[in-house]
Amino acid sequence: MAAYQGEVMNNRRNLVIAFGASALSVMVLLGYLIWSGYRESIHAAESQMRNFASIIETRLDATLRRTVAALWQLVQTIPVMALNADAASRYVRGVESGLNLQMTNFAELTAYELPMPMVK
């Protein structure tokens with residue numbers, strides 16, 4: 001009977017060791033999967049941010065190029081007399097109508113108008 005009890009204890013100890021080893025391996029695999037998912041989500045977020053930055057850069061570049069072209073066109077078309085504070089009020093309507101024409105299909109610059117603090 002003592003040999004039987006020793007065998008039962010031996011089997012029980014082996015069962016506890018097997019269960020502990022199984023639990024440890026499951027925890028290691030679970031930890032690996034969590035870490036792998038974390039790294040994958042970080043990589044996806046970085047990639048998405050690079051894509052968004054590229055889109056914003058492209059749109060901003062196009063907007064700024066068009067704005068610079070419009071400003072150069074203004075430099076070439078505004079008469080020198082319009083820069084005189086006394087004569088500026090005569091040129092405001094013509095310049096603003098030209099600006100409104102340039103605003104067609106260009107919603108990025110909705111507040112595109114000449115600041116005329118000197119106009120009386």
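Laboratory data are not the source of any read-out in this text; all were calculated from the coordinates shown. From a predicted model like this one, the values you see are computed outputs, not experimental measurements. Quick reminder, even Gly has a Cβ in these numbers, built from the backbone with ideal geometry, and neighbours come from all protein chains shown.
For the reader, a short list of remarks on this structure follows.
- Verdict on Ser36 being part of a helix (DSSP H, G or I), of a type in the set (Ser, Thr, Tyr) and surrounded by fewer than 12 Cβ atoms within 10 Å (Cβ to Cβ): yes
- For first residues located in the range 73-99 and in contact (Cβ under 8 Å) with a residue 24 or more places away in the chain and surrounded by 11 or more Cβ atoms within 10 Å (Cβ to Cβ), partners that are of a type in the set (Lys, Arg) and not in a helix (DSSP H, G or I) and lie 6+ apart or on another chain with Cβ distances below 8 Å form the pairs Ala85/Lys120; Ser89/Lys120.
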